[in-house]
Amino acid sequence: MNLVIKITGSTVGVLTADGTVADCRVKGNLRIAGIRSTNPVAVGDHVTLEQQADGTAWITSVLPRRNYIIRRSTNLSKQSHILAANIDQAALLVTISHPQTSTTFIDRFLATCEAYSVPAMLVFNKTDLFTPDELQQLAELREMYESLGYHTCAISAMYDDIQALKQEFIGKTTLLSGNSGVGKSTLLNAIFGTTLTRTADISQVHDTGMHTTTFSEMYPLPEGGWLIDTPGIKGFGTLDMQKEEVGHYFREIFRISRDCRYSNCLHCGEPGCAVLPEVGNSIAESRFDSYLSVLNDINEDKYR
Ligand SMILES: Nc1nc2c(ncn2[C@@H]2O[C@H](COP(=O)(O)OP(=O)(O)OP(=O)(O)O)[C@@H](O)[C@H]2O)c(=O)[nH]1
Ligand SMILES: [Mg+2]
Ligand SMILES: [Zn+2]
């Protein structure tokens, strides 16, 4: 089995059956049927190789993916990017401040995980930096996402003992994602107990990320499983969703929408809508705003 474990620009690190990592290149004509992405090969992919006489190798095909996480670089861009393939779970790192992760970003990420059947959890990081107000926000957000069935935890990757969190990664392939500067690489290093990958300089206070990690790489846990460190991302554009489907990827909206009069209700003012009256009650306003923002992308896409 040839497993893609590292992607840096045009070179792809592939772990081959003999346990070595081969530096490979992607054949220019390699296209994956049905997916328009800027990267035909992603970390976590299984590939076939063609060895060259000079010791280098070409990636000639990508085996069918069990799943993957894909996003658009910006909401309206045509460029889409596969973050990782064949994963067991995604852990989204979130910070209430330094930098602030928006709930729209969180919800777009979660909706994409729903759409591609990837279990997702939220890891709130940098709790050591939060003010009492921010700790209150943290508690409220955690309670809301837990009530939707998402597992959450709150840590300081820099100062806490993260052994409990590490247990959740053993034996699984986990994608670490989030905005730049939220501490993905710091958490990875803390879990491995060594500096495997570079993190932003600690001596500076960044409220916007520095895009320190510039390539994706997966690291094997000695206890089994893999952690995938990825470059921080700004926007999380959703794609390939039909308008009528968007509500399916917001768990609470989906549940309540079964009581809407029309099965194709978009919850935008149709008569007999069961969802709208619940906004601000059993549906958080921030979640409904995120839902509308995804719908809006699709609208703009259509009229572009
Ligand atoms: N105070 C505090 N600082 C942290 C914590 N975790 C990470 N940091 C700092 O936040 C900065 C960014 O951390 P990184 O691990 O580089 O963040 P990243 O998510 O990998 O960022 P990109 O690679 O740019 O996507 C660094 O200066 C870290 O030292 C934390 O729990 N508390
Ligand atoms: Mg990083
Ligand atoms: Zn409705």
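The values are calculated or read from the model by the stated rules, or taken from the named source; none is laboratory data. Given the structure is predicted, the values throughout are model-derived calculations rather than measurements. All Cβ positions, even for glycine, are placed from backbone atoms using ideal geometry, and neighbour counts span all protein chains on display.
Side notes on the structure shown:
- Meets criteria (more than 16 Å from ligand 2 (Cβ to nearest atom), surrounded by 14 or more Cβ atoms within 10 Å (Cβ to Cβ) and more than 25 Å from Ser293 (Cα to Cα)) for Leu135: no
- Restricting the first member to the stretch 244-263 and to residues that are assigned by TED's automatic domain parsing to the domain that holds Phe288 and closer than 18 Å to Gly149 by Cα, and the second to residues that are at pLDDT 95 or above and basic (Lys, Arg), the beta-carbon pairs closer than 7 Å and six or more apart or on different chains are Phe250/Arg287; Glu252/Arg287.
- Test: residue in the stretch 280-292 that is buried (at least 19 other Cβ atoms within 10 Å of the Cβ), without any contact (Cβ under 8 Å) to a residue 40 or more places away in the chain and under 13 Å from Glu244 (Cβ atoms): no
Table: residues versus (1) in contact with a Gly (Cβ under 7 Å, 6 or more places away or on another chain); (2) within 16 Å of ligand 2 (Cβ to nearest atom); (3) among the acidic types (Asp, Glu).
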site	(1), (2), (3)
Leu196	no, yes, no
Phe215	no, yes, no
Tyr219	no, yes, no
Asp229	no, yes, yes
Gly247	no, no, no
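- Which numbered condition Ala111 fails, given (1) at positive phi; (2) in contact with a helix residue (DSSP H, G or I) (Cβ under 9 Å, 6 or more places away or on another chain): (1)
- The condition (being buried (at least 21 other Cβ atoms within 10 Å of the Cβ) and under 30 Å from Asp23 (Cα atoms)) is satisfied by just one residue among Ala120, Ala111, Ala91: Ala91.
- Condition met for Asp88 (of a type in the set (Asp, Glu), more than 16 Å from Ile5 (Cα to Cα) and in the same structural domain as Lys166 (by TED's automatic domain parsing)): no
- Here the condition is being within 20 Å of the chain's Cα centre (by Cα), among the aromatic types (Phe, Trp, Tyr) and over 26 Å from Val4 (Cβ atoms); of Phe250, Phe254, it holds for Phe250 alone.
Per-residue answers, yes or no, for (1) more than 19 Å from the chain's Cα centre (by Cα); (2) within 30 Å of Lys78 (Cα to Cα):
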{"residue": "Phe215", "(1), (2)": "no, yes"}
{"residue": "Trp226", "(1), (2)": "no, no"}
{"residue": "Lys243", "(1), (2)": "yes, yes"}
{"residue": "Asp259", "(1), (2)": "yes, no"}
{"residue": "Pro277", "(1), (2)": "yes, no"}
{"residue": "Ser282", "(1), (2)": "yes, no"}
{"residue": "Phe288", "(1), (2)": "yes, yes"}
{"residue": "Leu295", "(1), (2)": "yes, yes"}
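- Residue within the stretch 266-275 that is surrounded by 17 or more Cβ atoms within 10 Å (Cβ to Cβ), outside the structural domain of Leu176 (by TED's automatic domain parsing) and under 19 Å from Met144 (Cα atoms) present: yes
- Boolean, Ile233 is more than 16 Å from ligand 2 (Cβ to nearest atom) and either farther than 22 Å from Phe109 by Cα or not in a strand (DSSP E or B) (or both): no
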